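Single-structure report; data block below.
The values are calculated or read from the model by the stated rules, or taken from the named source; none is laboratory data. Values in this document were obtained by computation on a predicted structure and should not be read as measured data. Counting neighbours? That spans all protein chains shown, and the Cβs are built from the backbone with ideal geometry, glycine included. Just the protein is used for accessible areas: all its heavy atoms, side chains included, with ligands, DNA and RNA removed. Shrake-Rupley method; radii C 1.70, N 1.55, O 1.52, S 1.80 Å.
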Amino acid sequence: MTRGIGGSSAAAELASLGPWQDRAPSISVEERQARIEKARRLMREHGIDALLVSAGTSLRYFAGVTWGATERLVAMLLPLTGKPIIICPNFELGSLQAELVIEADIRLWEEDESPSELVAGALRELGTRRLALDPAMAFLFVERIRRAAPSIDVVEGSAVIDGCRMQKSPGELALMKQAKAMTLEVHRRAASILRDGITASEVRRFIDEAHRALGASGSSFCIVQFGRSTAFPHGLPGESYLAEGDVVLIDTGCTIEGYHSDITRTYVFGQPSAEQRAMWELEQAAQQAAFDAVRPGVLCEAVDYAARAVLEKGGLGPDYRLPGLPHRTGHGIGLSIHEPAYLVRGDTTPLLSGMCFSNEPMIVVPDRFGIRLEDHFYVTETGAEWFTKPSPSIDAPFG
């Protein structure tokens, strides 16, 4: 049996877990204000007079408000000078004030009033000529705001929002390190409860309970795949039962103050076959090649090329052909589990210090099995640093 796989139970593992001790500090009000000032600096560079940020991860980033977007417009209008303006339903005022951590001018609308007209009125007061919109804003709101303010040039605001969010601060890195360390510990525990006949849903349930025991609000997502199901990057519908010789692929994460972890481990329940071992080791080499390609100024797509070169040399691919790598090598991560930039051909974003990415150049052997090793790194002044140590071997996936 592969080292660290099986031999324990869910009850025993959960009984030995407690709240995470090395907790990262919360993001400070001063840091959020610095984010706002950076956004204003980018607005000036791009000739933008005001930025409208909708409810969701970007509103959380700037203002600390954790709400998701709904059919009711909640947004922050950021002018070049002066207080940000928060647009909010009147009946939500108390809830907003309980979460809002920046100074702002709060403007309220009733259920029978138009929040788009409220935004348009604020834009007229500010003398706005060019408005940038949050790229995550619903099309419904975009069109209503365009109609309410027809004389204003409305543009997409990725240059400002992504320009702020792509490079993480030391405080953000600390929260992400905590989330990823917690998930790696849950992975190790999950591997130890495996047994012949265990169901994927039982393992998912354990992973969620283990994340909660460590102090996360459960798993933000959880993929548990056995055998043939691992040949499909996000699995197959229905229940799976573990059997001797199956490849096990578990991809899961949690959030700490909104910042995501997202780690995948793949190993074999029992003794690996020669083919499973060869593919696992090729996957490990591709992941390392991607990591080694990272340094400031390198284009994102170059990291994808580095991983694919290893796989092609090993006889896989080329491009997205199978057996081989059917998707990008990695994605940005932070308050969103997938966010710009992306490690994929065609993304010519230069790497900058503080950017954070997954590194997961999955190998798929069609209709048989798949191998995905996923860890995350952040860009430093000289290269890259892992958030979590990669899996060392198929025989001892957790060391």
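Is it the case that LEU73 is assigned to a strand (DSSP E or B) and under 21 Å from SER336 (Cβ atoms)? So LEU73 does not fit the description; no. With respect to (1) at pLDDT 95 or above; (2) basic (Lys, Arg); (3) part of a loop (DSSP other than H, G, I, E, B), the lone exception for ARG35 is condition (3). Which one is least open to solvent (accessible area, probe 1.4 Å), of the residues in the range 17-41 that are in contact with a Cys (Cβ under 7 Å, 6 or more places away or on another chain) and among the charged types (D, E, K, R)? So the residue we want is ARG35.
The set of residues in the range 102-135 that are within 17 Å of ALA50 (Cα to Cα) and polar (S, T, N, Q) comprises SER116, THR128. Note on the range 115-140: residues that are open to solvent by 20 Å² or more (accessible area, probe 1.4 Å) and assigned to a loop (DSSP other than H, G, I, E, B) total 5. Applying the condition of being in contact with a Gly (Cβ under 6 Å, 6 or more places away or on another chain) and part of a loop (DSSP other than H, G, I, E, B) to the range 239-268 and asking which residue is nearest to ASP196 (Cα to Cα) yields GLU244.
Pick out the one residue from ILE48, ILE86, ILE27 that is in contact with a Leu (Cβ under 9 Å, 6 or more places away or on another chain), closer than 30 Å to ALA174 by Cβ, β-branched (Val, Ile, Thr) and in a loop (DSSP other than H, G, I, E, B). None of the others qualify; the one that does is ILE27.
Condition check ((1) buried (at least 18 other Cβ atoms within 10 Å of the Cβ); (2) in a helix (DSSP H, G or I); (3) out of contact with any Cys (no Cβ under 8 Å at 6 or more places or on another chain)) across all residues:
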{"site": "LYS168", "(1), (2), (3)": "yes, no, no"}
{"site": "MET176", "(1), (2), (3)": "yes, yes, no"}
{"site": "MET182", "(1), (2), (3)": "yes, yes, no"}
{"site": "ARG188", "(1), (2), (3)": "no, yes, yes"}
{"site": "VAL203", "(1), (2), (3)": "yes, yes, yes"}
{"site": "ILE207", "(1), (2), (3)": "yes, yes, no"}
{"site": "HIS211", "(1), (2), (3)": "yes, yes, no"}
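Among residues of the range 195-214 that are under 13 Å from GLU239 (Cα atoms), those with a Cβ under 6 angstrom from a residue that is of a type in the set (Ser, Thr, Tyr) and open to solvent by less than 40 Å² (accessible area, probe 1.4 Å), sequence gap 6+ or separate chain, pair up as ALA200/SER240.
Evaluated against (1) at positive phi; (2) under 18 Å from the mean Cα position of the chain (by Cα), GLY197 falls short on exactly one condition, (2). Of all residues in the range 72-86, those satisfying the criterion of being closer than 20 Å to SER116 by Cβ and either β-branched (Val, Ile, Thr) or free of Cβ contacts under 8 Å to residues at least 40 places away in the same chain (or both) are VAL74, MET76, ILE85, ILE86. Scanning the range 44-75 for residues that are among the hydrophobic types (A, V, I, L, M, F, W, C) and closer than 17 Å to ARG144 by Cβ, we see that the one that is most open to solvent (accessible area, probe 1.4 Å) is ALA69. In the range 98-114, is there at least one residue being open to solvent by 10 Å² or more (accessible area, probe 1.4 Å) and assigned to a helix (DSSP H, G or I)? Looking through the range 98-114, at least one residue is open to solvent by 10 Å² or more (accessible area, probe 1.4 Å) and assigned to a helix (DSSP H, G or I). Of the strands (runs of 3 or more DSSP E) contained entirely in the range 281-399, those carrying at least 2 residues that are closer than 26 Å to ALA136 by Cα and either open to solvent by 10 Å² or more (accessible area, probe 1.4 Å) or touching a Phe, Trp or Tyr at 6+ places or on another chain (Cβ under 9 Å) (or both) fall at 330-332, 339-343, 356-359, 375-379.
The residue of the range 141-166 that is least open to solvent (accessible area, probe 1.4 Å), among those that are without any contact (Cβ under 8 Å) to a residue 12 or more places away in the chain and assigned to a helix (DSSP H, G or I), is GLU143.
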